[in-house]
Amino acid sequence: MLQAELLLLWYISLSMAFFSVIFMSLLIINRVISSAFSRRREIARSDLVEHLLITGPETEDSAVLQRLTRSSVVVAQTIVETSTMVRGAMLDDFIRRLAAFEIEPRLIKLLGSSNPRFRIVAAEALAYFPTPQVRDALWKAFERPGPLGQRILIAQALLSAGAKPELADFLGKFDLHSQDISIDMAGLFTAVARINPEPLVRRARIAYDPPYVRAMMLKTLGILAISESLPVLIRDARDASPLVRASALDAIGTIGIIPDEIGIISDALKDPVQEVRAEAADAVGLLRLRALINELALLIGDRAWDVRFRAAKALLTFGDQGRSVLSDIADYSEDRIASRTAALILDEELYT
């Protein structure tokens, strides 16, 4: 009986080994085939890019383009790549020449690929085909479940293709309270605001979203210098959330318009949260608020290194007056941290 059981185990082991060899062989074959296809696509993409760049719209090249555009992936990659090289009429000519080979419906089909890389490149390429069919396909692709970063890229392509949905139409498709909300969301806010900043200002004004999302909105408004958002930023500089307060102050400084009430920045210099104090110090320097130089100087001895160094850097923006304050702190302050910080910043300026 024992011998029969051992024999059975032996046959099972041999079978498992056989199937393992078969499985590994299939994986290797699949990898080889995939690599071969990838190399062919890369060669075709390179050839198509080169052909478009060295030939003009008057060229009789239908046969060449038909051969080079057999792969939808190659065409999508070519459109995305050439869009980083050329603009305007030349890019429009590239798109027109490629569109003659039924590229639009093929890219829409590629948008449904099981390969996420192909879906993304298809979406990015379709951004240059502003038709109702493309917008409908992109919206359906955006609504499908998937990684946040991928869906945001599709949303950006949708906007580039001429769609004008409300910001709420996009945000309603995400779980904004999820920990998975990433900084990629800022790309969506930027894409929306570049077309029309009003929806982003309006959404920030209602203060409906979680602090992390609101903070990204405020930073985007600052980076794009949306001056109409200043009342919202001034209000949010006193928000209950430290993240929102810090982002509002960062945006105020970046926009560069001095608020009528500089008390919000003066108060922020004394905020219990170091990130808020640091952003307030930056804002004082960016806005050249000479009335707050003395308050800024007090932060040179802050226990948080980021705060004291940013305060010292801000003082340098005031020229000789700021350097004089730093020199006095370096030479006469009894606070060793403040004295050392001021000396380091002055030395750094001397050698830069």
**Study point:** Cα→Cβ-extended label distance, 7 Å offset, between R39 and K140, nm
**Key:** 3.7
**Study point:** Vicinal HN-Hα couplings computed from phi for the stretch 257-273 (Karplus, 6.51 cos²θ - 1.76 cosθ + 1.60; Hz; Gly/Pro x)
**Key:** 9, 6, x, 4, 10, 7, x, 5, 7, 4, 5, 5, 5, 10, 4, x, 9
Review point. For the stretch 101-175 and the stretch 245-295, what is the separation of their Cα centres, given in Å?
Key: 40
Check your understanding: In the stretch 202-285, which GluC sites (Glu not before Pro) are in a loop and have at most 16 other Cβ atoms within 10 Å, using DSSP for the loop call?
Key -> E261
Study note, to complete from the structure: Whole-Hz Karplus couplings 3J(HN,Hα) for the stretch 96-106, θ = phi - 60° and coefficients 6.51, -1.76, 1.60, Gly and Pro as x, run 4, 5, 6, 4, 5, 10, 6, 5, 4, x, 5
Exercise for review: Counting other Cβ atoms within 10 Å, keep those with at most 15, restrict to DSSP loop, and tell me which GluC sites (Glu not before Pro) in the stretch 53-146 are left.
Suggested key: E58, E60, E102
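Report the extension gain between S227 and D92 in nm, rounded to one decimal, defined as 0.36 nm multiplied by the number of residues separating them, less their alpha carbon distance.
Numbers: separation 135, 0.36 × 135 = 48.60 nm, distance 3.32 nm.
Extending this stretch completely gives an extra 45.3 nm.
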Practice item. Roll a 1.4 Å probe over the protein chains and send me the accessible area per residue for the chain in Å². Key: 55
Point to revise | Gain on full stretching of the segment that runs from S266 to D328 - 0.36 nm per residue minus C-alpha separation | key: 20.1 nm
Revision key, fill the gap. Sorting K140, K109, K219, K270 on solvent-accessible surface, 1.4 Å probe, most exposed first, gives K109, K270, K140, K219
Review point. Carbon and sulfur atoms: what percent of the 1.4 Å accessible area of the chain do they account for?
Key: 58
Point to revise | Partners for K313 among lysines (Cα-Cα distance below 28 Å; same-chain residues under 8 apart left out) | key: K219, K270
Point to revise | Magnitude of the charge dipole, the chain, Cβ model with Lys/Arg +1 and Asp/Glu -1, debye to 20 | key: 1140
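Using r as the Cβ-Cβ distance of N294 and E58, and R0 as 56 Å, what FRET efficiency do you calculate, to the nearest 0.05? Numbers along the way, then the final one.
Working: r = 70 Å, r/R0 = 1.25.
After rounding, the FRET efficiency stands at 0.20.
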Check your understanding: Between R67 and E348, how many nm apart are label points set 7 Å from Cα along the C-beta direction?
Key -> 5.9
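The values are calculated or read from the model by the stated rules, or taken from the named source; none is laboratory data. Since we're looking at a predicted model, the values are computed, not measured. As a convention, Cβ positions derive from the backbone with ideal geometry for all residues, glycine included, and neighbour counts pool all protein chains shown. Note: areas computed on protein heavy atoms with side chains; ligands, DNA, RNA excluded. Shrake-Rupley method; radii C 1.70, N 1.55, O 1.52, S 1.80 Å.
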